[in-house]
Amino acid sequence: MTDDVNPGYNTPIPAKITTPDRVDTRIGELRFADGVPTRETADALFDHLDFLRGVEVFLNSIPAASLEGIRRGLVEVGATACNTGVITDRLMDSNPLFLTANTDTVYAIAMLDLERDGATVIEVPPGCGPGTVDDAWFRFVVDLGAPGPDRGAGGTYLIVPPGYDGERPDGWFVAESPSAVNLVILRGFLVDGKPDASVRLFESGVKVYPFSTRENPPAMEWTSISGTVMNTVHANDFSFYEEVAHVVEKEPIELIDSETRGLLSAIGIEKGTPFAPDDRMRRILTDAVAVGNGTARALAFQARERAFFLYEDRRWTNPMPGGDFRFLRDGGTGGRFLDARTIFYYLATVNTPAMALKMVGKGSQYAAAMVDADGIPFDGGKTYRLRLPADAPAADFWSIVVYDPQTRSELQSGQPLPSRNSKRDSLVSNEDGSVDIVFGPEEPAELASNWIQTVPGKGWFVLLRLYGPLESWFDGSWKPGDIEAT
C-alpha cells in the first residue's frame, strides 16, 4: 500500500528531507531525478566544490605563502645560507616590498633550513631588541632578545628539527621547530634617532650557523637592503598555489594537520605528488584565488565584525583581532578565529606573543586605520589630519607609517620613509600637548614637519605603533582620533 501524499512511500515523508526536481541557487538551477543529480548538475556542483576549496586554501594558506615570499625575496638578494642575512642599515624605506614593515627599527633577517643544515645556532648579543623565530607556516617558535628567554641579556639559541636527539649544551636556549625553513628576524631601536648603534650591535654580535660547524662556524655576512628594489610579498594570482605547493613539498608532512592537508590535497597540492592541475582545474583555481584575494581584502579594509574594532566610537581596528597569537577566539571556546588569522597574515609579517599580550612598558602594540572618520577609504589626492592626544602611552616612542593598499608595503612617494616618529622627527605639538599628523599630496604651509606625503590616484592606510605601550593604551583611557578629511 502506498501513501497518496508521498507516492512511492508507505509512510509520510517530511518534505524537509527530500530534494525537489529543480532548485534555484546562487550557482544556477540544479536539476535532480528523484534526488539524483543530472550529469550537468553534478558537473556544476563539482566545479563549485573545487572552487570553494580553492578559496579556502587561499584563506588558510596565506601564512605559508607569505613566509615563502620572504624566503624567495631574500634568495634574490643573495641570502642563500643561514649565515647570509640582510639588514636595513639605513632603515626600511619604501623600495623593498615587505608587508607593513616599519621605518622605526633596524631589521636583521636570516632564513634557516634545518633539512639542509640540521640543528642551527643563533647567537644574540646583550641589549638585542625584540627578535622572533617563526616556522614555515608563519607560526611562533621562540622569541629572542628582550622578549625571549634571555630577557635582553644575550644568549645562544639552538633551533632543532622534530625528533632531534643530539646535544643540547648547558645554558643554551633550545627550541624545536616543526619545519625545515624558519624565519629569524630581529629589530633594533634607534639611538638619538639614528640606526648606527643597532647596526653595529647586529653586525658584530649576531651569528647564525649550523650546529655541526660550531668549532669553526662560517662568518656572518650581511647584505644591506635599504633602498633595494625587491619583493617579499606572496602572489595573489594562480602562482599563489604554486608557492604553497613548494612549501608542502619541502616540509615534513606533520607540519600541518590532516584537515588542512586534506583541503590542499582536494585541489592537487600533496607532498610527493607534482602540482599539475589540468585546464579545468587551473581555470577554477584562477577564479578561486581572485575571490580569495578579494575576500581577504574585504576583511582587512572593510571590517564588519565588532571584534575587529578597538573602540565603539572610532574607526581604528586591531591588526591582531582577538588578542591571541594563535588566533583562538575567546581563549579557544570559539575555536580558531579564522578571519582574524586571514587579516593578520594578509597585512603583517612576524607572529609573536609579544604583539598580542598585555606587556605594560614592553613590546609593542598596533592600531590600523583603513578608512577615514566617515568610513570612506583614503584618497591620496586629498588632505587629512590625525590628532593624537597628549601623553601618548608609549614608554619608548610612537610612530605613524603609511602603506599602499595594493602591496600592503610602505607607500612609495617623494618621502623614502613615509612616516613620522616621536623620537626621530622634530614634531610640532599643540598647546595642549597633542600632536596633529597631516596626510596629503602637497607639503602644507604649516606643520610641514608633521606631514606624511600621499600620492594622487593612490589609496593608503595607516598603522599606529606604540613601543613600550602603557596602561592608558590597554585600558582605553587614551585613544587616537579618527583621521578626518580637511
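The values are calculated or read from the model by the stated rules, or taken from the named source; none is laboratory data. All values reported here derive from a predicted model rather than from experimental measurement. A quick note on method: Cβ atoms are made from the backbone with ideal geometry, for glycine too, and the neighbour counts reach across all protein chains shown. Surface areas here come from the heavy atoms of the whole protein model, side chains and all, with no ligands, DNA or RNA. Shrake-Rupley method; radii C 1.70, N 1.55, O 1.52, S 1.80 Å.
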In the set Thr100, Thr80, the lone residue that is more than 30 Å from Gly294 (Cβ to Cβ) and not in a strand (DSSP E or B) is Thr80
With within 18 Å of Thr132 (Cβ to Cβ), touching a Lys or Arg at 6+ places or on another chain (Cβ under 7 Å) and open to solvent by 50 Å² or more (accessible area, probe 1.4 Å) as the only criterion, which of Val181, Val174 stands out?
Val174
Test for Thr349: is it modelled with pLDDT of 95 or more and of a type in the set (Val, Ile, Thr):
no
Pick out the one residue from Ala368, Ala390 that is in a loop (DSSP other than H, G, I, E, B) and not basic (Lys, Arg).
Ala390
Being on the phi > 0 side of the Ramachandran plot and in contact with a Leu (Cβ under 6 Å, 6 or more places away or on another chain) is the filter here; which residues of segment 450-486 pass it?
none
Can you give me the number of residues within segment 103-135 that are part of a strand (DSSP E or B) and within 21 Å of Ser66 (Cβ to Cβ)?
12
Please give the number of the condition Gly35 fails out of (1) more than 23 Å from the chain's Cα centre (by Cα); (2) open to solvent by 60 Å² or more (accessible area, probe 1.4 Å).
(2)
So which residues in segment 51-77 are under 28 Å from Ile343 (Cβ atoms) and not in a helix (DSSP H, G or I), if there are any at all?
none
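Each row is one residue, and each column tells you yes or no for (1) part of a loop (DSSP other than H, G, I, E, B); (2) among the polar types (S, T, N, Q); (3) in contact (Cβ under 8 Å) with a residue 24 or more places away in the chain.
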position: Met320; (1), (2), (3): yes, no, yes
position: Asp324; (1), (2), (3): yes, no, yes
position: Asp339; (1), (2), (3): no, no, yes
position: Ile343; (1), (2), (3): no, no, yes
position: Tyr346; (1), (2), (3): no, no, yes
position: Thr349; (1), (2), (3): yes, yes, yes
position: Ala354; (1), (2), (3): no, no, yes
position: Met359; (1), (2), (3): yes, no, yes
position: Lys362; (1), (2), (3): yes, no, yes
Answer residue from segment 326-337, given it is out of contact with any Lys or Arg (no Cβ under 7 Å at 6 or more places or on another chain) and assigned to a loop (DSSP other than H, G, I, E, B) and is nearest to Pro130 (Cα to Cα) among those
Arg326
Take the residues in segment 174-217 that are small (Gly, Ala, Ser) and in contact with a helix residue (DSSP H, G or I) (Cβ under 6 Å, 6 or more places away or on another chain), then tell me which one is modelled with the lowest pLDDT.
Gly188
Restricted to segment 277-318 and to residues being in a loop (DSSP other than H, G, I, E, B) and among the acidic types (Asp, Glu), the residue nearest to Ile62 (Cα to Cα) is Glu305
Filter result for the condition that a residue is modelled with pLDDT under 95 and open to solvent by 30 Å² or more (accessible area, probe 1.4 Å), over Gly163, Gly227
Gly163
Name the single residue, out of those in segment 355-396 being surrounded by 14 or more Cβ atoms within 10 Å (Cβ to Cβ) and basic (Lys, Arg), that is farthest from Pro321 (Cα to Cα).
Lys382
Using the structure shown, decide if Val208 is in a strand (DSSP E or B), of a type in the set (A, V, I, L, M) and surrounded by 19 or more Cβ atoms within 10 Å (Cβ to Cβ).
yes
The correct count of residues that are touching a residue at least 60 places away in the same chain (Cβ under 8 Å), of a type in the set (Gly, Ala, Ser) and under 16 Å from Pro418 (Cα atoms) in segment 429-462 is 1
Kindly establish whether Leu347 is among the hydrophobic types (A, V, I, L, M, F, W, C) and either open to solvent by 10 Å² or more (accessible area, probe 1.4 Å) or touching a Ser or Thr at 6+ places or on another chain (Cβ under 8 Å) (or both).
yes
If you check Thr213 against the conditions, is it touching a Pro at 6+ places or on another chain (Cβ under 6 Å) and open to solvent by 20 Å² or more (accessible area, probe 1.4 Å)?
no
Condition test on Thr223, is it out of contact with any Lys or Arg (no Cβ under 9 Å at 6 or more places or on another chain), closer than 18 Å to Leu112 by Cα and free of Cβ contacts under 8 Å to residues at least 40 places away in the same chain?
no
